[in-house]
1. Tell me whether the stretch 317-333 contains one or more residues that are assigned to a loop (DSSP other than H, G, I, E, B) and surrounded by 20 or more Cβ atoms within 10 Å (Cβ to Cβ).
2. Which residue pairs have Cβ atoms closer than 6 Å, lie 6 or more positions apart in sequence or on different chains, and pair a first residue in the stretch 246-271 that is closer than 25 Å to residue 22 by Cβ and touching a residue at least 12 places away in the same chain (Cβ under 8 Å) with a second residue that is open to solvent by 40 Å² or more (accessible area, probe 1.4 Å) and assigned to a helix (DSSP H, G or I)?
3. Please determine, by comparing only the residues of the stretch 306-316 that are open to solvent by 50 Å² or more (accessible area, probe 1.4 Å) and assigned to a helix (DSSP H, G or I), which one is nearest to residue 148 (Cα to Cα).
4. Kindly list, by first and then second residue, each pair from a residue in the stretch 103-122 that is farther than 16 Å from residue 91 by Cα and part of a loop (DSSP other than H, G, I, E, B) to a residue that is open to solvent by 20 Å² or more (accessible area, probe 1.4 Å) and not hydrophobic (A, V, I, L, M, F, W, C), limited to pairs with Cβ atoms under 7 Å and residues at least 6 apart or on different chains.
5. Give me a count of the residues in the stretch 221-254 that are among the hydrophobic types (A, V, I, L, M, F, W, C) and in contact with a Gly (Cβ under 7 Å, 6 or more places away or on another chain).
6. Hey, can you tell me all the residues within the stretch 3-59 that are touching a residue at least 60 places away in the same chain (Cβ under 8 Å) and of a type in the set (Ser, Thr, Tyr)?
7. Scan the stretch 355-375 and give yes if some residue there is surrounded by fewer than 21 Cβ atoms within 10 Å (Cβ to Cβ), under 23 Å from the mean Cα position of the chain (by Cα) and part of a loop (DSSP other than H, G, I, E, B), otherwise no.
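The values are calculated or read from the model by the stated rules, or taken from the named source; none is laboratory data. This is a predicted model, so every value here is computed, not measured. As a convention, Cβ positions derive from the backbone with ideal geometry for all residues, glycine included, and neighbour counts pool all protein chains shown. These area figures cover heavy atoms from the full protein model, side chains too; ligands, DNA and RNA do not enter into them. Shrake-Rupley method; radii C 1.70, N 1.55, O 1.52, S 1.80 Å.
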Amino acid sequence: MERFIIDVSDERLARIRARVRDYEWHEAPEDGSWAFGADFDYMKTLCAYWLDRYDWRAQEAALNALPNFVAEVDGIRLHFIHERGSGPAPRPLILIHGWPGSFYEFAHVVEPLAHPERFGGDVADAFDVIVPSLPGYAFSGKPRRPIGPRAVARLMAELMTDTLGYRRYIAQGGDWGSSIAGWLGFEHAPACAAIHMNMYGLRGSEVVAETEAERDWARRHAAIFGFESGYFRVQSTKPQSLSYAMMDSPVGVAAWLVEKFNAWSDTRGDDVESRYSKDQLLTNVMLYLVTRCFNTASWLYRGLMDEIAGDSRFPRGSRIDVPAGIANFPKDFAGWPPRSQVARTYNVVHWTDAPRGGHFAAMEEPALFVADVRAFARKLPAF
């Protein structure tokens with residue numbers, strides 16, 4: 001375990017800037033807006049800001065103000081933030097991101113979770129906060145071939161227990177993080193003592209709709225996912241083909257990622273900047289570009305399919321027995337089914353229907369996210 005300083009070379013930044021500057025803009029449907037994908041006019045505006053006003057060095061300094069580390073875990077270098085909490089007994093909390101996000105999703109909640117007393121809260125709610133970059137993402141090492149969420153969970157478990165020496169911990173996740181947290185609760189208890197999720201991730205294949213409310217959710221979910229799942233079908237089958245274009249085009253990466261931040265968030269009238277600033281959107285994009293990880297980040301989808309096709313699927317009839325907290329943010333495109341259905345896979349002891357927010361909860365609604373994690377942790381026995 002070693003301290004890590006983010007220090008992107010001037011040459012790498014110049015290469016990215018040149019590719020953005022020289023991008024050859026093309027045709028778009030005149031009345032399309034976001035309906036056909038990333039909005040053409042918005043992308044031109046974002047790229048102009050990228051060239052004229054965005055300051056990576058300022059963002060890099062802000063990220064370096066957090067305690068960054070790297071450690072070798074089962075042959076893969078993992079990058080992570082490790083902020084030790086206030087008070088005599090902060091509980092370990094690992095926050096696990098997904099795609100198209102990064103560890104940056106949690107940058108604004110690290111301090112409130114670790115040091116609640118600095119924000120008018122109770123020091124008894126403090127956590128030791130650990131925020132890893134998933135394998136293949138940002139400053140973590142790149143696997144030699146696609147791996148899925150079950151394999152990633154084993155790495156996260158080893159990071160928490162063997163590397164950091166925690167006897168017990170809480171896992172939190174959205175997107176891929178929800179599936180990884182589910183596997184941690186299923187296979188790595190009692191060290192993983194509880195899980196908190198803001199997306200319906202890991203679930204039994206035999207869990208089917210039984211009530212009319214559950215059937216109604218299944219119909220709505222199928223319709224939404226059918227419309228939104230183009231990225232999933234490509235990245236879970238032939239991610240390498242996509243990577244040849246994306247690894248050469250910063251504008252392409254930005255469009256592919258920013259479109260999801262608009263579509264999956266509680267945006268007002270398709271105004272992505274009603275939820276995120278240009279700096280936030282571009283910093284998340286830049287973490288894919290400065291580390292050249294678009295390809296290996298997308299491999300996780302193929303890794304999931306390989307796990308399902310092999311012997312690493314969630315066992316039929318199984319249930320995750322560690323206490324589970326659910327944060328249901330209303331504008332997440334995936335959404336949660338009724339609690340009755342979730343409870344057939346998870347030991348739900350905490351459920352919150354948030355008043356607003358979407359898929360990237362910690363980044364979009366940091367105060368609501370922090371409050372819900374704290375409320376869940378208060379319901380758990382001491383450890």
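1. yes
2. 250/19
3. Per the criteria, the residue is 306.
4. Close Cβ pairs (under 7 Å, with a partner that is open to solvent by 20 Å² or more (accessible area, probe 1.4 Å) and not hydrophobic (A, V, I, L, M, F, W, C)) amount to 108/366.
5. Residues that pass the stated criteria total 2.
6. 23, 33, 42, 49, 54, listed by residue number.
7. Checked the stretch 355-375: at least one residue is surrounded by fewer than 21 Cβ atoms within 10 Å (Cβ to Cβ), under 23 Å from the mean Cα position of the chain (by Cα) and part of a loop (DSSP other than H, G, I, E, B).
For every residue, the table says whether it meets (1) of a type in the set (Ser, Thr, Tyr); (2) in contact with an Asp or Glu (Cβ under 7 Å, 6 or more places away or on another chain).
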position: 231; (1), (2): yes, no
position: 238; (1), (2): no, no
position: 255; (1), (2): no, no
position: 258; (1), (2): no, no
position: 262; (1), (2): no, yes
position: 278; (1), (2): no, no
position: 291; (1), (2): yes, no
position: 300; (1), (2): no, no
